1. Taking into account only those residues within the range 6-62 that are among the acidic types (Asp, Glu) and without any contact (Cβ under 8 Å) to a residue 24 or more places away in the chain, which is surrounded by the most Cβ atoms within 10 Å (Cβ to Cβ)?
2. Tell me, which helices (runs of 4 or more DSSP H) lie completely within the chain with 2 or more residues that are at pLDDT 95 or above?
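The values are calculated or read from the model by the stated rules, or taken from the named source; none is laboratory data. Because the structure is a prediction, the values reported are computed rather than measured. Quick reminder, even Gly has a Cβ in these numbers, built from the backbone with ideal geometry, and neighbours come from all protein chains shown.
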Amino acid sequence: MTGARRSISLVKGRRRYVFSFYEGRETELLAAILELAARPESGFDFFDAAVLSHQMGRGMSESSGPALARAGDLTVENGW
C-alpha cells in the first residue's frame, strides 16, 4: 500500500528544489538527493542534502505521532 504523498523543498539563491515522494519511499528519495549532491554541475551540495534529509526526518516524526518524535532525541552510537 502506498503512503501519503509528501514533499520537501529548498530555496538556494535563484533555484528552488522540490522533491515529492510517498511515505515509505524515503530511502529512494535520499539516494536521489545524494546523487544530485554528488554532481558538481547541479549547484546542489551535500549540505543541501543534509538540510533536506533533516526536513524529511522532521516530517516523518510529525506524521508518526509523539512516540517517534521522542525517538528523534536519541543518539546513535558507532555512527558515521
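1. If we take residues in the range 6-62 being among the acidic types (Asp, Glu) and without any contact (Cβ under 8 Å) to a residue 24 or more places away in the chain, then Asp45 is surrounded by the most Cβ atoms within 10 Å (Cβ to Cβ).
2. Per the criteria, 26-37, 46-64.
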